[in-house]
Amino acid sequence: MEDKKSSHLIVRRILAWLAGLWQSLGVPLLAVLLALLIGAIILQISGASPVDAYSALFKGAFGSSKNLGRTLEKATPLIFSGLAVAFAFKAGLFNIGAQGQLLFGALASAFIGFAVKGLPPYIHIPLALFGGAAAGALYAAIPGALKTYTGAHEVITTIMLNYIAINITDYFADGPLKDTSPGNIVARTPAILDSAKIPSIQSIPIGFVLAILIAVGVWWLLWRTTIGFEIRTVGLNPSAARYAGMRVAFTVILTMVLSGFLAGMGGAIETQGVVGRYQPGFNTGLGFDGITIALLGKTHPLGVIPAALLVGAMKAGASQMQFSAGVAKEITDVIQALMLFFVAADMIVRWIFRIRSASEEKVILSGWAQGK
């Protein structure tokens, strides 16, 4: 009798866990499905076969070990930019400046990678990596300080700082740090030394493994530490956090710094593991894609991983879909935008599939949401 009760209890716990998992992942999964269905209609209207197009997309992303490696390569900086945006969300902050922070991280990593000589790889690689992350963190501290001490909203300041970052990094790549090797006419830094390059294990980039570990670390920080509790409390209710004696101003700045650290590390890994130098245009959009990744992952550090893999696969397989099925590359951008639309407007997904709204955690953007 006791064995029967214990087995029933185990079944109930499993069912409750599955129900909770569906509440968390159901809407994003259905949003992806809706986006793919509407994308199929668009492909059909444009004269392409949806089956051939999606088959080519899948083969281009996962059809071989080389293609899989390219997908993981594309997903790696997306994980970091998604983590940067998701981490800021937990404190009620909307860090649209991940793009600028990523650019500074990529440039700083490139400088350390080619200017610092004579170091073994086990020192040079982490030095360049954390140098890039530190550059992103310092740049993100600016909007954090502006919000804390002047009340300037981080959405406005980070948007403006993105343009500043683009122009500053372009200046250095075409000025003081420009590659002066014979025959070079484009704006770019010299190639980083071999001792600073992040290698791959067969088809798996080490940078991707590091991104997974960092995502787990961010989850642990947010849900298993005191500072993580303070960050989430400030995001849910700054007034209550202040009343409880929490350091709201310090938490806001720290959150932005750590968010920029993640974005800068994404730029550093792109430099050290993919491009091999800093060149304007090679990192375009990676920071902005972090918003899509964070929302698809429901602003959860671990949810960012599959979201980044999905978008990374679309980016990696887009060229295969273009050449094999005759589909314009912009179609993948349309599908990605549809995913973001349905995740953001989750009421549409719930209405179509008759899903009841659950009392799940909402993203509260401080400043506007608080009426300040």
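Tell me which residues, restricted to the range 169-211, are buried (at least 16 other Cβ atoms within 10 Å of the Cβ) and assigned to a helix (DSSP H, G or I).
Once the filter is applied, which keeps residues that are buried (at least 16 other Cβ atoms within 10 Å of the Cβ) and assigned to a helix (DSSP H, G or I), the range 169-211 yields T169, F172, A173, S195, A196, I206, G207, F208, L210, A211.
Evaluate the range 222-245: report whether one residue or more is closer than 30 Å to P280 by Cβ and of a type in the set (V, I, T).
no
Any residue in the range 105-121 that is assigned to a helix (DSSP H, G or I) and without any contact (Cβ under 8 Å) to a residue 40 or more places away in the chain?
Yes, the conditions are met somewhere in the range 105-121.
Residue check: is L146 assigned to a loop (DSSP other than H, G, I, E, B), touching a helix residue (DSSP H, G or I) at 6+ places or on another chain (Cβ under 7 Å) and crowded, with 16+ Cβ neighbours inside 10 Å?
The answer is no for L146.
Please go through the range 216-244 and pick out each residue that is part of a helix (DSSP H, G or I) and either in contact with a strand residue (DSSP E or B) (Cβ under 9 Å, 6 or more places away or on another chain) or among the polar types (S, T, N, Q) (or both).
T226, T233, S239
Test I227 against the stated conditions and say whether it is surrounded by 19 or more Cβ atoms within 10 Å (Cβ to Cβ) and not charged (D, E, K, R).
no
Can L302 be described as without any contact (Cβ under 8 Å) to a residue 60 or more places away in the chain and either within 19 Å of A98 (Cβ to Cβ) or aromatic (F, W, Y) (or both)?
no
Read-outs throughout are calculated quantities, based only on the coordinates presented, and are distinct from any laboratory measurement. This one's a predicted model, so the numbers in the text were calculated from it and none came from an experiment. Cβ sites come from the backbone with ideal geometry, for glycine too, and all protein chains shown count toward neighbours.
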